[in-house]
Structures are given as C-alpha cells and as structure tokens.
Amino acid sequence: MKEKICYLFFVSLLLSVLTSCGSSNAQTETENKETEQVVLTIRNPKVEIATQFEQMVQEYERQNPNVKIHVETVGGASDDFSDIIAQIAAGQGPDIFTNIGYDATKEWINYLEDLSSQPWVEKAYPDTLKPITVEDKVYGMPMDIEGFGIVYNRELFQKAGIQSIPRTYSELKVAAEKLKNIGITPFANGYYEEWKLGYHLTSLAFTIQQDPIKFNHQLKKGKESFTTNVIAKDLLSFLDLTLQYGNQSATKTDYYTEVEMLANEEAAMILQGSWVQPLLDEEALGKSFGIFPVPLNDKANSKILTGVPNYWVVNKKASSIKKREAKKFLNWMVSSSEGQQFMTERFGFAPAFKHIKTNDIGPISKEVLNVYHTKETYNSNWFAYSSSAKREAGRTLKRYLNRELSQSETLRQLDDVLREASKP
C-alpha cells in the first residue's frame with residue numbers, strides 16, 4: 001500500500017512538473033510573439049511630405065523598437081491603386097494604405113478593417129467620418145482637411161496692382177491681363193496628371209449647381225446633361241482662360257513643374273490646393289502665398305472646395321499582430337505630441353480632429369481651415385463617384401485641353417462617363 005501511495009505521489013509530481021513546464025513554454029512563446037519585431041508596410045500618397053513622413057516613421061520606430069515600418073510613397077502621375085489590387089487580394093498588399101471614401105469604401109469593403117472602436121473616432125469632426133462609414137461602422141481615419149482653389153503669390157499680385165482677389169470670372173481675366181502686362185505669366189498650368197482635372201476641378205460642375213444632389217441624381221438618370229448645363233460650359237471656359245494666360249504645353253507640364261514655376265515667381269497662380277504648402281515652404285521660404293476660390297462665372301458665388309482627401313485604412317487581410325500594430329501607429333499619429341507636431345508643423349496639415357492645435361499649419365492650410373469652420377465652402381467630394389469614373393473624367397478634360405475634343409463632344413463624353421459609372 002505504501003509503495004502504491006509513493007507511486008501515485010511520484011506520478012502526480014511528474015505531471016505537475018510537466019504541466020508547469022508546458023505552461024512556462026506557452027507563456028514564453030506568447031511573450032516572444034509579443035516582443036518579436038513586426039514589419040509593417042505603409043502606402044503614403046503624399047509626395048509633398050515624403051521626407052517628413054519618413055522622419056515621423058523613424059521617430060515612431062525609436063519609441064517602438066519592436067516595430068519596423070517600410071514606407072512606399074506614391075503620388076502625382078503614380079497615384080493609382082491598380083497596382084495593389086492583386087497584391088491585397090493575395091494577402092500581400094500594404095498593411096496601411098488609403099481610401100477616398102464613399103463608393104471607394106464599398107468597393108474595398110472586403111479589405112478594410114473595422115476601426116470603429118479606435119480612440120480617435122470620437123475626436124474627429126463628425127462630418128469627416130461620413131464618407132468612410134458604412135452601416136455605422138468606421139473604416140478609415142481622416143488624413144486631414146484640404147482645400148482646392150487657386151494658389152497665388154501675394155507679392156506678384158501687389159506688383160501688378162491687383163488690390164483684391166478676383167471673385168468673378170471677369171475679375172480673374174482682368175487680373176491675368178494686369179500680370180501679363182508687367183511681364184509675369186499669370187498661370188502655371190500643370191495638366192499632365194488627370195487627378196487635378198477629374199478629382200478636383202470636375203467637383204465644381206456639381207457643387208455650384210442650385211441643387212447639387214438633385215442635379216447629380218438627374219444626371220445619372222439621363223434627365224440632366226452637361227451638354228445643356230451652363231455651369232459645365234463655364235468650367236470649360238475657365239480652362240480656356242488658363243491656357244490663354246498660361247504656359248505652353250500645359251498637358252505635358254506635371255505637378256512638380258507647375259509648383260516650381262510658382263515658387264520661382266515664373267508665374268503668379270496655379271490651380272491647386274493646400275497640399276502644396278510643404279513644397280512651397282521648401283522651395284520658396286519667406287514668400288507669401290494664399291488661396292482663393294475658382295470663379296467660373298460672374299455671379300460671385302465661388303467658394304473654396306474643402307474636404308478630407310484620403311482616409312488611412314488598415315488591410316483586413318493582414319495578420320492579427322500586424323493589424324494591432326497598424327492601429328497603434330495610426331492612433332499615435334493623432335494622439336501623441338510627436339505625431340501631432342509632424343502633422344501640423346512638418347506636413348502643414350489642417351487637422352480633421354478637434355483636439356489637435358493648429359498654430360503652425362502654414363498660411364494656406366490656415367485659410368482653408370478657417371473657411372471650413374465657417375461653412376463658407378463647397379464639398380470637395382463630388383457625390384460618391386468611383387475613382388475610375390473620376391480618372392475617366394480627367395482624361396476627357398485633358399483631351400479637351402489638347403483640342404482633341406470640341407466643347408460639345410467633351411460635355412457629351414462627361415455625360416457618358418458618369419452615367420456608365422452609375423450603372424449597378
């Protein structure tokens with residue numbers, strides 16, 4: 001009996017040791033997984049802040065040595081998502097990328113992680129989350145608030161005797177003539193990339209309508225047409241004006257060249273947005289720039305287009321550890337003092353969050369944020385058309401600028417592009 005008791009005690013002790021060892025090994029394995037280096041890939045669409053973004057990532061890596069982040073910066077002529085669709089579908093795409101919201105959210109919904117529970121959600125300006133929300137779930141973090149209009153050199157305007165910014169088409173033409181008369185090229189036109197024409201300028205053809213939402217629905221149904229719409233024709237007349245008072249080979253001049261022309265005072269105006277602030281800070285430090293609305297007609301009802309250009313999204317197909325670290329990085333960007341400093345002082349972003357101070361975001365972004373808060377703006381997103389439809393609209397307008405299409409042909413093709421995009 002004694003021997004049996006001893007045997008049972010020995011077996012019990014052995015099992016206890018083995019269980020303890022197994023538990024210890026499992027705990028160690030878990031700890032190793034928690035502390036092993038996680039490698040993230042981020043697709044940054046902002047070429048204007050490529051260097052500054054890399055520096056922000058380095059600061060994050062310094063604070064989080066278990067995380068390594070590779071940044072892929074695209075933009076300008078390369079700002080296209082076609083190259084990563086197959087990668088993401090195969091589970092090999094970036095862990096953090098961007099989405100423009102509305103229809104694009106629905107198009108990519110199978111690859112977007114639900115971010116509704118993230119701490120920054122309640123700190124964002126409510127209207128900034130609408131384009132990236134589906135069935136009450138938030139799928140992206142707003143990058144910033146941007147404005148689109150005409151960026152201009154204040155000193156060159158003063159030199160030409162332009163006392164106030166043009167509020168109408170006629171006033172803009174007079175200002176262009178004054179600049180031309182003193183030997184200054186009024187417009188630096190960079191129409192090589194289609195995103196300016198298709199994503200931004202075409203927005204004006206919708207937002208200035210008396211009832212933009214109704215016009216949009218009627219256009220989709222074929223009950224409205226650009227071919228008979230005065231505002232759409234005004235938009236083409238504005239493009240004609242920029243060609244008349246601008247540089248040669250406008251459709252072969254790219255984004256960087258037009259910004260450089262403005263920075264070097266080779267021209268007084270560019271059709272662009274607040275995102276050019278970092279480039280101007282680098283190339284024309286000390287010079288004073290501002291932004292004003294694009295006047296398409298003489299009704300003096302022009303306003304700057306404002307809105308969120310992109311949303312940071314997390315790849316739903318990434319591993320659970322990568323998704324966890326990606327969310328931590330995004331939250332750090334908008335919650336830490338270092339992240340906020342990069343966003344405002346280094347990126348020149350107008351924040352989409354109520355808690356971030358905006359003392360050092362630059363004069364152009366400051367103007368944009370001011371008009372955004374006063375509601376004296378137009379919505380920059382033109383009613384949920386897909387990215388592909390906007391690209392096609394840009395290509396159509398580019399053909400018009402090249403004189404490959406007449407005004408009537410251009411407006412008819414815009415009708416076709418947008419109605420085709422509306423089909424289920």
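The values are calculated or read from the model by the stated rules, or taken from the named source; none is laboratory data. Remember, predicted model here, so these are calculated numbers, not experimental data. Counting neighbours? That spans all protein chains shown, and the Cβs are built from the backbone with ideal geometry, glycine included. SASA here: full protein model, heavy atoms, side chains in, ligands and nucleic acids out. Shrake-Rupley method; radii C 1.70, N 1.55, O 1.52, S 1.80 Å.
Data for the structure
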{"read-out": "Alpha-carbon centroid distance for the pair the stretch 185-210 / the stretch 303-329, whole angstrom", "value": "27 Å"}
{"read-out": "Contour excess over end-to-end distance, with Cα ends at residue 244 and residue 110 and 0.36 nm allotted per residue", "value": "43.6 nm"}
{"read-out": "Accessible carbon and sulfur surface of the stretch 262-419 relative to its total accessible area, %, 1.4 Å", "value": "44 percent"}
{"read-out": "Carbon and sulfur %, accessible surface of the stretch 118-197 computed with the full protein complex present, 1.4 Å", "value": "47 percent"}
{"read-out": "Restricting the stretch 223-317 to trypsin sites (Lys or Arg not before Pro) in coil, as DSSP defines it, with at most 11 other Cβ within 10 Å", "value": "223"}
{"read-out": "Cα gyration tensor, the chain - rounded (a/c under 1.5), prolate or oblate", "value": "prolate"}
{"read-out": "The chain - percent relative contact order, Cα under 8 Å, separation 6 or more", "value": "25 percent"}
{"read-out": "For residue 304, residues with placed amide H under 5 Å, excluding near neighbours", "value": "378"}
{"read-out": "Solvent exposure ordering (accessible area, 1.4 Å, most first) of 255, 125", "value": "125, 255"}
{"read-out": "Residue among 197, 296, 243 with the largest mean-square fluctuation in a Gaussian network model of the chain, springs linking Cα atoms under 10 Å", "value": "243"}
{"read-out": "Residues with amide H under 5 Å from that of residue 350, placed H, sequence gap 5 or more", "value": "145"}
{"read-out": "Residue 130 accessible area, assembled protein chains, probe 1.4 Å, Å²", "value": "140 Å²"}
{"read-out": "Amide H contacts under 5 Å for residue 40, placed H, 5+ residues apart", "value": "68, 69, 70"}
{"read-out": "Computed accessible area, residue 102, all protein chains, 1.4 angstrom probe, square angstrom", "value": "60 Å²"}
{"read-out": "Estimated FRET transfer efficiency (residue 127, residue 335; beta-carbon r; R0 30 Å; 0.05)", "value": "0.90"}
{"read-out": "Difference of contour (0.36 nm per residue) and Cα-Cα distance, residue 158 to residue 301", "value": "49.1 nm"}
{"read-out": "Heavy atoms of residue 380: accessible area, 1.4 Å probe, square angstrom to 10", "value": "30 Å²"}
{"read-out": "Per-residue ³J(HN,Hα) for the stretch 230-238, Karplus 6.51 cos²θ - 1.76 cosθ + 1.60, θ = phi - 60°, Hz, x for Gly and Pro", "value": "4, 5, 4, 5, 4, 4, 5, 5, 5"}
{"read-out": "Max mean-square fluctuation residue, GNM over the chain, Cα-Cα springs under 10 Å, options 114, 127, 240", "value": "127"}
{"read-out": "Per residue, in Å², the accessible surface of the chain once ligands and nucleic acids are set aside, probe 1.4 Å", "value": "47 Å²"}
{"read-out": "Share, in percent, of DSSP beta bridges within the chain that are antiparallel, nearest 5", "value": "60 percent"}
